[in-house]
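Below is one structure, written out as structure tokens; the observations come after it.
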Amino acid sequence: MTLAELAAAPGRASELALADEVGDDRSARERLLRTMRERLREMRASIERGLATDAPSRTGMVGWNAKRLWKADDVLGAALLRRVQAYAMAVNEENARMGRIVAAPTAGSAGTLPGALLGVADHLGLDDDALVMPLVLAAAVGDAIQAKMFIAGSTGGCQAEIGASAAMAAAAVTELLGGSAHACVHAATMALMNTIGLVCDPVGGYVEVPCVSRNAFYSVHAVSSAQLALAGLESVIPPDEVVQAMASVGRLLPPELRETGEGGIAATETGRRIALKMAR
Amino acid sequence: MVGPVMVGPSSSHTAGACRLALLARHTLLAPPTRARLTLHGSFAKTAHGHGTDVALAAGLLGFAPDDPRIPVAFDEARAAGLELDFGMADLGDVHPNSVRIELENDDETLEVTGSSLGGGLVRVFSVRGFEVNLSGAYHSLLVLHDDKPGVIARVARVIADDEGNVATLHSARRKRGGLAMMSIEIDRRLAQYALDYLTHVPYIHWLRMLPEVLSGEAPDEASTSGTEGSA
Ligand code: SF4
């Protein structure tokens, strides 16, 4: 199902996404919703584990960021921001410790969606039951992007991973807050459009730097996309054309900027030094 | 695209790698005792960073991508008597996350090559040197046979009689009249009697039924089955 089709849903975008997945097979519908509830539980569990520990990752580059932010004073009067960022990093630091996470759509970008969706829900005191259908929509948005490009840093750069996760999260948050199908898809589209060009450059090839902080930033990015869409702002360029644009930028990226650990942040003097140290 | 639940740190380099190895594991009847893993492209460059090496080992041991033993898969391999040998090579014009897996036990030696496409999706494109096309999203049947008229039809017939639905079918031969490999993705596992029947079809030398590996449910040992013929 394309983004345009999702945007044209007569009712909730998530209802159309669900119908597209399972038709009117009731037991398949129940199974899918059960899986989504299970995914939510796993997301929450990974957030809780991540916020509670400062155990370093295998390289020692990350591991304590989520907890430190979570415990820090809210100096900006932006509790939502802090919550979303901390949740996102909690998941990715778990990931970096080889803990259990839910890929969304990938492991490197696993923090963005739960950061934004659970962060907003907890900030507003919403129940996890309200998150199931937004999660169904997020999955459909991911599928629509995946149909046009490989979602992997090694083929499309980080824009493909983090971009897709932010788009999924933006749509989910918009739906959670009562946005129309059109608004959900445009939230996703604006999130994508403003991630185009992001390269994949993990230091030493480890999914830690910049990945952990990147999830914090792009979960906020998703929330701001939702805010724009809920206010009625939209993307001038149609959603599926934006995906196409991202795919073609991905093809233009040289291999150094696609998860080989040989360009961008990974290729800095310090990045290389760390990589060397780790290789020994 | 929400899921799988997995052990980090990378869906393509950890979960995908684990699934490729899991598929490879199931092309053998008994567990492998030796494995040579040749990593290509991004797999080669960042194998250790993303845990690709341990994930591959885990898959060869039959572990699913959410198995908590993935980080300690090397120890598990040692305990299970599986010898691992990692190398790097340019496998040609293939996806950047690709690996060639050569497996060995007392009865068999074979090769499986595939790519991790991102988000945990995979594609196996070579088994025993023959071109195949498997996604792991279905149960799949591999059949090595003589390139003779009617063999494909007979296999399709058995699948239909067992009420299996063919999702994809790929067939490739080395040369006209020589050996050929069919790879068929089916929406459910063929019954044992159907597999036994196929074993006795003339011109069929070898077949394997591989489990679906994308749902996240660990396949049990019994779901690998097949036969070793003359080839
Ligand atoms: S930089 Fe690369 S490895 Fe890190 S999150 Fe982005 S795509 Fe994934």
For segment A:57-194, place one equal point scatterer on every Cα, skip the solvent, and apply the Debye formula. What is log10 of I(q)/I(0) at q = 0.21 Å⁻¹? -1.29
Among the lysines, which fall within straight-line cross-link reach of B:K175, defined as a Cα-Cα distance under 25 Å, with same-chain neighbours fewer than 8 residues apart omitted? B:K148
Could you calculate the contour length gain from A:T268 to A:A245, that is, 0.36 nm times the residue separation minus the distance between their Cα atoms, to one decimal place in nm? 5.4 nm
Roughly how many debye, to the nearest 20, is the charge dipole of the protein assembly as shown about its Cα centre, given +1 on each Lys and Arg Cβ, -1 on each Asp and Glu Cβ, and no other charges? 860
Over the protein assembly as shown, with neighbouring protein chains present, the accessible area per residue in Å² at probe 1.4 Å is 39
Under 5 Å from the placed amide H of A:A55, counting only residues 5+ away or on other chains, we find none
Need the C-alpha centroid separation for segment A:188-225 versus segment B:26-66, integer Å. 28
Please build a GNM for chain A, connecting alpha carbons under 10 Å apart, and tell me which residue among A:E42, A:E93, A:E30 fluctuates the most. A:E30
Does anyone have the angle between helix A:112-124 and the longest principal axis of chain A? Alpha-carbon axes, 0 to 90°, nearest 10? 60
How long is the protein assembly as shown along each principal axis, judged by its Cα atoms, biggest number first, in Å? 75, 56, 38
Longest principal axis of chain B (C-alpha) makes with the long axis of helix B:16-25 (C-alpha) an angle, in degrees to the nearest 10, of 50
At the level of C-alpha centres, the distance separating segment A:29-51 and segment B:76-117, in angstrom, is 33
If we count trypsin sites (Lys or Arg not before Pro) as exposed when they sit in a DSSP loop and have at most 15 other beta carbons within 10 Å, what is the longest stretch of chain B that avoids them all? B:70-173
Counting only Cβ distances under 4.7 Å between cysteines, those in the protein assembly as shown with no partner are A:C184, A:C211, B:C18
At q = 0.08, 0.17 Å⁻¹, what log₁₀ I(q)/I(0) does chain B have when each alpha carbon counts as one equal point scatterer in the Debye sum? -0.27, -1.19
Within segment A:55-110, list the chymotrypsin sites (Phe, Trp or Tyr not before Pro) lying in a DSSP loop whose Cβ has at most 16 other Cβ atoms in a 10 Å radius. A:W64
Relative contact order for segment A:149-270: what is it in percent, counting Cα pairs under 8 Å that are at least 6 residues apart? 38
Amide H contacts under 5 Å for B:H205, restricted to residues at least 5 apart in sequence or on another chain and with H modeled in the peptide plane, are B:L144, B:H145, B:D146
Cα point-scatterer Debye curve for segment A:79-153, base-10 log of I(q)/I(0) at q = 0.17, 0.19, 0.25 Å⁻¹: -0.69, -0.84, -1.17
In a Gaussian network model over chain B where Cα atoms closer than 10 Å are linked, find which of B:A180, B:A80, B:A44 has the largest mean-square fluctuation. B:A80
For chain B, set up a GNM with springs between Cα atoms under 10 Å and report which of B:F125, B:F74, B:F86 has the largest fluctuation. B:F86
Between beta-carbons, use under 15 Å as the cut-off and find the net charge around B:P149, counting Lys and Arg +1, Asp and Glu -1. +3
Of the heavy-atom accessible surface of chain A (probe 1.4 angstrom), what whole percent is carbon and sulfur? 56
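The values are calculated or read from the model by the stated rules, or taken from the named source; none is laboratory data. No experiment lies behind these values; they were computed from the predicted model shown. No Cβ is skipped: glycine too gets one built from the backbone with ideal geometry, and neighbour counts run over all protein chains shown. The protein model used for the area step is the full one, side chains on, heavy atoms only, and it has no ligands, DNA or RNA in it. Shrake-Rupley method; radii C 1.70, N 1.55, O 1.52, S 1.80 Å.
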